[in-house]
Amino acid sequence: MDIFEAIKTRRSIGKVKDMPVPEDLIDKILEAGTYAPNHYRTEPWRFFVMRGESRGKLGAVLEEITRTENVDLEADELNRKAEKAKNNPLRAPVIIAVGVEPSEKKNVIHQEEYAAVCSAVQNMLLAAHALGLGAIWRTGAITYHPKVKDFFGLTQKGELAGFIYMGYPDLAPKPVKKTGFENFTVWMN
């Protein structure tokens, strides 16, 4: 697939089939992530590939967080919300949690480390698309909760950039109308 075609046709695919994704495809996606630009070659990304029961373990952490963060809800509403959080990681056969572990070097700027990891995520999303997989980058407040950081063993300075849910698409993405770059561009001579 041509790079421009991949960029223009990639879409977030939130609904995927419950079919295993071959490990060699996951390896290619992970490798694509490591080719992202990163200042001083710090390689600040950390990848956690979850399949099988590990997704349920993450779900238990998300359920616990949801219950402790929403104690003011009525019991039925709290149970519904907690159950949804618990089941979220089961929506795809593969989840790659992507972490940022900033370098300790003095000349390294934290925002640049995070930018590098976000670039890695984009590479991974494009690679998944080129390989015929559907993927979506999921975040939200719960992503940055200290218990999620602990679950993945990130350091005090580390944080999660998000989750890439992936599998074989179970929907045909609709075309998206994009605002032309001209609306966001100032040419300066």
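The values are calculated or read from the model by the stated rules, or taken from the named source; none is laboratory data. Bear in mind the structure is a predicted one, so any value in this text is a computation, not a measurement. Methodologically, a virtual Cβ is constructed for each residue, glycine included, from the backbone with ideal geometry; neighbour enumeration extends over all protein chains shown.
A few notes on this one:
- Some residue of segment 45-63 being more than 30 Å from P20 (Cα to Cα) and not in a loop (DSSP other than H, G, I, E, B): no
- Some residue of segment 124-134 being farther than 25 Å from A6 by Cα, of a type outside the set (A, V, I, L, M), at pLDDT 95 or above and out of contact with any Asp or Glu (no Cβ under 7 Å at 6 or more places or on another chain): no
- The conditions of being buried (at least 19 other Cβ atoms within 10 Å of the Cβ) and under 19 Å from the mean Cα position of the chain (by Cα) are not met by E53.
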